[in-house]
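Below you'll find the structure, written out as structure tokens, and then a few comments.
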Amino acid sequence: MSSIPTVIAVPRLEQPGRLTQARVAVSEWTKLHSLRSTRWSLLAATVLTIGFPLLFATILSTRANPLQEHRHSALEVALAGVNVSQLAIAVLGVLLITGEYSTGMIRATFTAVPKRLPVLWAKLVVYAVASFLLMLPCVLIAFFGSQAILGRKDLLQISFTHPGVARAVIGGAVYLMLVGIFAMGLGAIVRNTAGGISTFAALFFVIPPLLNVLPTTWNDAISPYLPESAARSIFALTTDAHSLAPGPGLALFCGYTALAIAIAAVLLVRRDT
């Protein structure tokens with residue numbers, strides 16, 4: 001005796017929702033703050049951005065006969081954490097898009113947003129805004145905190161109103177934001193967490209030192225235009241003959257970032273999930 005299946009009627013919505021870029025962005029924001037990896041990565045970035053400058057300042061202030069450094073060394077102490085926290089920001093940028101591929105959730109995302117590109121734009125904007133708004137207070141706290149510690153012995157003092165200092169400090173937050181977006185673009189291209197992180201590490205930590213084996217003239221000609229060197233000039237207070245000024249460095253790294261995003265967008269539309 002066969003059973004008759006029960007058919008359940010699903011009522012229609014009185015006002016069916018319309019897919020908009022704003023709603024996709026809200027969806028991506030929900031994903032961002034609900035992931036455990038987001039909390040841990042951003043916590044690590046916060047602790048490193050603030051903790052390293054305070055630690056270095058404390059060590060300098062406790063030396064019996066500290067050497068008087070050039071004025072811009074105070075800024076190097078204040079932004080020391082940026083050099084470390086960039087890895088946490090980059091790793092999270094990769095994870096935010098490759099994590100969906102590894103779990104298969106990307107299929108549900110693209111079913112809800114068939115055009116796909118709005119998903120990429122929403123991820124980029126949400127992460128850019130979130131990382132900048134979090135990192136800007138961190139670099140400010142690192143600067144003023146390290147200056148307060150060093151000020152006890154009148155060491156390495158530099159004013160926030162000194163020419164270029166405000167631009168460099170805020171540039172540290174801009175640098176971290178762009179690094180996160182660039183890493184997300186790499187993750188969207190390779191669609192693999194290990195591959196995305198490895199590609200970022202190669203571009204920022206492996207290739208630049210390897211250029212030291214080249215003749216000095218070649219190294220000096222190539223190094224300033226690498227993604228890592230161009231990006232670091234954003235928060236540099238001074239430049240030399242073999243490095244880009246902050247403006248051109250920012251423009252070049254924005255170009256690298258735009259290129260990564262453009263490639264990711266083309267591949268996202270043409271490839272299957």
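Out of Ile222, Ile207, Ile263, Ile181, which single residue is touching a residue at least 24 places away in the same chain (Cβ under 8 Å) and either in contact with a Leu (Cβ under 8 Å, 6 or more places away or on another chain) or among the basic types (Lys, Arg) (or both)?
Among Ile222, Ile207, Ile263, Ile181, only Ile181 is touching a residue at least 24 places away in the same chain (Cβ under 8 Å) and either in contact with a Leu (Cβ under 8 Å, 6 or more places away or on another chain) or among the basic types (Lys, Arg) (or both).
Of all residues in the stretch 92-147, which are of a type in the set (Gly, Ala, Ser) and under 19 Å from Thr20 (Cα atoms)? Once the filter is applied, which keeps residues that are of a type in the set (Gly, Ala, Ser) and under 19 Å from Thr20 (Cα atoms), the stretch 92-147 yields Ala108, Ala112, Ala122. Any idea which residue in the stretch 97-147 is farthest from the chain's Cα centre (by Cα), counting only those that are within 17 Å of Thr38 (Cα to Cα) and among the polar types (S, T, N, Q)? Across the stretch 97-147, the extreme among qualifying residues is Thr103. Filtered by the rule that a residue be surrounded by 14 or more Cβ atoms within 10 Å (Cβ to Cβ) and free of Cβ contacts under 8 Å to residues at least 24 places away in the same chain, the stretch 232-248 gives Ser233, Thr239, Ser243, Leu244, Pro248.
Would you be able to tell me the number of residues in the stretch 107-129 that are closer than 22 Å to Trp40 by Cβ and either β-branched (Val, Ile, Thr) or at pLDDT below 95 (or both)? Total satisfying the criteria: 2.
Filtered by the rule that a residue be crowded, with 20+ Cβ neighbours inside 10 Å and within 16 Å of Val82 (Cβ to Cβ), the stretch 156-173 gives Ala168, Val169, Gly171, Gly172, Ala173.
The values are calculated or read from the model by the stated rules, or taken from the named source; none is laboratory data. These figures come from a predicted structure and were not determined experimentally. Positions of Cβ are backbone-derived with ideal geometry, glycine not excepted, and every protein chain shown enters the neighbour counts.
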